[in-house]
C-alpha cells in the first residue's frame, strides 16, 4: 500500500486527497487538497455547500509514523452556507485552528491518562502546553457528549488540592463510579455552581444524594434538589464514632499517666479496628484489657453495638435501635460518646434514609485516593481550572471522539 493511501486511511477523509508526501527537515510533509466538484460541510451546521474562497495554508502535527514526525499542510476553504453564511469548512482531521490533528489529540489524551503530561510531551517531542491543550479538547468533547440520563445517585465529598487547606468539591456518579464535576472550594457557592451546571432537569431526576453532615452541602442540596433523598454517608458517621472512642482513650491515658502510664500504650488501633482485622497479639491484649473495666472498653463496646444498625432493613426497627443506643450512650458517663449520641439525634432523619436507600460514599473515598494519585503524578496544579480538567479526564469516563483508525 502506498504511503499516501496509508495517510488517507488513517485520516478518514472523503472530500480530500493526499497530493504529495515529501521529506523535509527530518520529517514527513503531507500535502492535502480538496476533491474537485465536491461540496464541503459547514463547520457549524455540517450542511454541504459550494466553496466560496481559499484561506492561507495551515499546518497540523499528525501522529508520528515509525517515530518520524508527520505534518499535514492544507489551505482550508470557506463555504457559502445558506443557513450560516460564509463559514470555514469542517476539517475532518481536526479543528482548523488547532496545531495538532484530531487523531493526535486522541492519542495524546489517551496517553495522558496513564502518564504525566510532561512525560507524554517528552516522548513525542512536544511542548507541555500542546499536550495540555489536547487533554482539554478531549475533556471538552467528553463533557459535551457524555450520557448522564441515567444518573440517579450521586455522592459529594471534598479533597485537598494542595497545602494550606485548599479544597475541591468532587461530585461522583455512585452507580458508574465516575467523576461528574469538580470545583474549588467547599462552601455553598461551590455546590451551587455544580447544580447550575447540572441544570434543573437533571436535578429533578436525582433519586438520592449522599454526603457528609457538612452544613453548606446540606443547605444547598435541600435548596437545589428538594425532591432527592438526602442520605448521610455511612463512613463519615463511623468516622465520627471512632473519633469519639479515641477521645475517650486519650482522656483515660491522661488519667492513668501517673498511676499506670504504660497500660494503654500502643492500644489506639486495638479499639478502632474491626475485630476481624486484629492481629493475634492485638486480640490477646484486648482480651486482657477487657477484664479491667476501663472507660475506653465501654466506649469500644458501644462502638461495636452500633455496628448492628447497618444490618436493619426496616426503618421502624432501625429507629427503635437508635433510640436504645442513644440511651446507652447518654448514660455511659462518657462525654465524647454522649456528644456523638446527640450528634446522631440531630441528624437522625437523614441517617435513617440509609435504610430505604443503602448508598454510601465508600466508592467516593476510593476515587478520592485516585484523585490524589493523579495530583501527585502531575506534580501539583497551579490553577483550579486545570486541576478540574485533569480530574475529569482521569476519572470522568468521558467519551472520546470516534475516528477512522485507532492508534492505541
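The values are calculated or read from the model by the stated rules, or taken from the named source; none is laboratory data. As the structure is a computational prediction, the values presented were derived from the model and not from experiment. Glycine also receives a Cβ, built like all others from the backbone with ideal geometry; neighbour counts cover every protein chain displayed.
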* Output the number of residues of the stretch 3-14 satisfying the condition of being surrounded by fewer than 16 Cβ atoms within 10 Å (Cβ to Cβ) and touching a strand residue (DSSP E or B) at 6+ places or on another chain (Cβ under 9 Å). => 4
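Using the structure shown, decide if residue 51 is free of Cβ contacts under 8 Å to residues at least 60 places away in the same chain, farther than 30 Å from residue 126 by Cβ and crowded, with 20+ Cβ neighbours inside 10 Å. Show your work before the answer.
Values: free of Cβ contacts under 8 Å to residues at least 60 places away in the same chain: yes; farther than 30 Å from residue 126 by Cβ: yes; crowded, with 20+ Cβ neighbours inside 10 Å: no.
No: the conditions fail for residue 51.
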* To do: Determine the pairs where a residue that is touching a residue at least 40 places away in the same chain (Cβ under 8 Å) and assigned by TED's automatic domain parsing to the domain that holds residue 294, located within the stretch 243-259, has a partner that is surrounded by 17 or more Cβ atoms within 10 Å (Cβ to Cβ) and not in a helix (DSSP H, G or I) with Cβ atoms under 7 Å apart, the partner being 6 or more residues away or on another chain.
  => 248/334; 249/264; 252/264; 252/294
* To do: Run down 283, 291, 323 and say which single residue is part of a helix (DSSP H, G or I) and under 26 Å from residue 212 (Cβ atoms).
  => 323
* Structure fact -> Residues in the stretch 165-183 that are surrounded by fewer than 17 Cβ atoms within 10 Å (Cβ to Cβ) and in contact (Cβ under 8 Å) with a residue 24 or more places away in the chain total 3
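Would you confirm, using the coordinates I've provided, whether residue 83 is at pLDDT 85 or above, under 41 Å from the mean Cα position of the chain (by Cα) and loosely packed, with under 15 Cβ neighbours inside 10 Å? So that I can check it myself, show each step before the final result.
Numbers: at pLDDT 85 or above: yes; under 41 Å from the mean Cα position of the chain (by Cα): yes; loosely packed, with under 15 Cβ neighbours inside 10 Å: yes.
Yes; evaluated as a whole, the condition is true for this residue.
Taking helices (runs of 4 or more DSSP H) that do not extend beyond the stretch 333-408, which have at least 2 residues that are within 23 Å of the chain's Cα centre (by Cα)? Spell out how you get there, then give the answer.
Working: elements: 335-346, 348-356, 362-377, 384-395.
Because the criterion is at least 2 residues that are within 23 Å of the chain's Cα centre (by Cα), the helices (runs of 4 or more DSSP H) in the stretch 333-408 that meet it are 362-377, 384-395.
Kindly evaluate residue 297 against the criterion of being free of Cβ contacts under 8 Å to residues at least 40 places away in the same chain and surrounded by fewer than 14 Cβ atoms within 10 Å (Cβ to Cβ). Before the answer, list the steps.
Numbers: free of Cβ contacts under 8 Å to residues at least 40 places away in the same chain: yes; surrounded by fewer than 14 Cβ atoms within 10 Å (Cβ to Cβ): no.
Against the criterion (free of Cβ contacts under 8 Å to residues at least 40 places away in the same chain and surrounded by fewer than 14 Cβ atoms within 10 Å (Cβ to Cβ)), residue 297 does not qualify.
Where in the stretch 1-55 are there strands (runs of 3 or more DSSP E), lying wholly inside it, with at least 3 residues that are touching a helix residue (DSSP H, G or I) at 6+ places or on another chain (Cβ under 9 Å) and under 23 Å from residue 403 (Cα atoms)? Explain how you work it out, then say what you get.
Numbers: elements: 16-24, 27-34, 51-54.
Passing ranges, in order: 16-24, 27-34.
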* May I ask you to list pairs of residues, at least six apart or on different chains, whose Cβ atoms are under 9 Å apart, with the first in the stretch 5-20 being not assigned by TED's automatic domain parsing to the domain that holds residue 90 and the second being in a helix (DSSP H, G or I) and modelled with pLDDT under 80? => none
* **Top-ranked residue in the stretch 150-164 [being over 15 Å from the mean Cα position of the chain (by Cα) and at pLDDT below 90; ranked as surrounded by the most Cβ atoms within 10 Å (Cβ to Cβ)]** => 162
* Asked: Are there any pairs, at least 6 apart or on different chains, whose C-beta atoms fall under 6 Å, with the first in the stretch 333-345 and outside the structural domain of residue 241 (by TED's automatic domain parsing) and the second assigned to a helix (DSSP H, G or I), and if so, which?
  -> none
* Asked: Can you name the number of the only condition in (1) in contact (Cβ under 8 Å) with a residue 12 or more places away in the chain; (2) at negative phi that residue 119 fails?
  -> (1)
* Asked: What about residue 217, is it farther than 30 Å from residue 98 by Cα, in contact (Cβ under 8 Å) with a residue 40 or more places away in the chain and part of a helix (DSSP H, G or I)?
  -> yes
* Structure fact -> Reported set for the stretch 273-289 where residues are under 40 Å from the mean Cα position of the chain (by Cα), loosely packed, with under 11 Cβ neighbours inside 10 Å and over 24 Å from residue 235 (Cβ atoms) is 280, 281
* Run down 230, 206 and say which single residue is touching a strand residue (DSSP E or B) at 6+ places or on another chain (Cβ under 9 Å), touching a residue at least 24 places away in the same chain (Cβ under 8 Å), more than 27 Å from residue 304 (Cβ to Cβ) and part of a loop (DSSP other than H, G, I, E, B). => 206
* What do you reckon, is residue 68 touching a residue at least 40 places away in the same chain (Cβ under 8 Å) and loosely packed, with under 14 Cβ neighbours inside 10 Å? -> yes
